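In what follows, a structure is listed as C-alpha cells, so that the remarks can point back to it.
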Amino acid sequence: MFFDLVIVLAISAISVIFGFNFMPSIIIIILMFLAVYDFLAVYKTKHMVEMFRKLVESKVYFSLIIPANFMSLFKKTKKVTPASEFMFLGTGDLALPAIFVVSALKISLKTSLLTALGAIFGLILLYIIFIAQKERQPMPGLPPIVLGSLVGFLVAFLI
C-alpha cells in the first residue's frame, strides 16, 4: 500500500533526527515509561481506543495498516476499517523503537542491528497475538516491540 510506504518514510526521517540527538540510556527510560502508558491507555483507561475510533470515523489514519491475510493486502485504503482483517500499528509504535535503533548506532552498528532485530521480533509477536485472537480487540503495540528491542540491545552486549 502506498499509504504505508509514506508512513514508513516519514517515520524513518523523524527517527534519524531524534535518534542522533539522544543517548540510548535516555531513550530506554522514555520507551519503558511509554510502554507502560500504552498498556494502561488501551486496557485500563481505554482513552487510546476511543481516540483511535474517532480518528477512524474521520478517515484519518496515523498508523501503518497491516493486513491479517494476503488478499486484504490489495484493498483500497478508503475501504479499510479496523475490523477483523487489518491490524493498525500506530506511528508511535514504529517511531519510538526506530529512534532507539538509531540512537544505538552511537554504541556500534552491531548494537543497532540487534536492537532492530529485537524490535522486529517484538512486532512479529504482536502480529501473532493479534491474528490468534478469536475476536480481534485493540492491543497496545508498544510493550512487545519495546521488550523485543530491549532484549536485542542487551544481547548485543552479551556477544
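Hey, LEU125 hits all of (1) under 13 Å from the mean Cα position of the chain (by Cα); (2) touching a residue at least 60 places away in the same chain (Cβ under 8 Å) but one; which does it fall short on?
With respect to (1) under 13 Å from the mean Cα position of the chain (by Cα); (2) touching a residue at least 60 places away in the same chain (Cβ under 8 Å), LEU125 is out only on (2).
Search region 1-27 for residues being buried (at least 18 other Cβ atoms within 10 Å of the Cβ) and among the aliphatic types (A, V, I, L, M), and hand back the single one that is nearest to LEU109 (Cα to Cα).
ILE27
Please go through region 125-159 and give me each residue that is assigned to a loop (DSSP other than H, G, I, E, B) and either under 17 Å from MET48 (Cα atoms) or among the aromatic types (Phe, Trp, Tyr) (or both), ordered by number. Working first, answer last.
So in region 125-159, the residues assigned to a loop (DSSP other than H, G, I, E, B) come out as 133-141, 159.
Residues satisfying the conditions are ARG136, GLN137, PRO138, MET139, PRO140, GLY141.
Here are the criteria: (1) surrounded by fewer than 13 Cβ atoms within 10 Å (Cβ to Cβ); (2) at pLDDT below 95; (3) touching a helix residue (DSSP H, G or I) at 6+ places or on another chain (Cβ under 9 Å). Tell me which single one SER108 does not satisfy.
For SER108, the exception is condition (2).
For residues that are hydrophobic (A, V, I, L, M, F, W, C), free of Cβ contacts under 8 Å to residues at least 24 places away in the same chain and not in a helix (DSSP H, G or I), tally how many sit in region 9-42.
0
Could you grab the pairs with beta carbons closer than 7 Å, sequence gap of 6+ or different chains, first residue in region 143-158 and in contact (Cβ under 8 Å) with a residue 60 or more places away in the chain and under 19 Å from THR91 (Cβ atoms), second one polar (S, T, N, Q) and in a helix (DSSP H, G or I)?
Sorted first by the residue in region 143-158, then by its partner, the pairs are SER149/THR115.
Would you confirm whether or not region 124-137 contains a residue that is closer than 21 Å to SER15 by Cα and buried (at least 24 other Cβ atoms within 10 Å of the Cβ)?
no
The values are calculated or read from the model by the stated rules, or taken from the named source; none is laboratory data. Keep in mind that what you see is a predicted model, and the values were worked out from it rather than measured. Because the Cβ atoms are built from the backbone with ideal geometry, glycine has one as well, and the counts that use them run over all protein chains shown.
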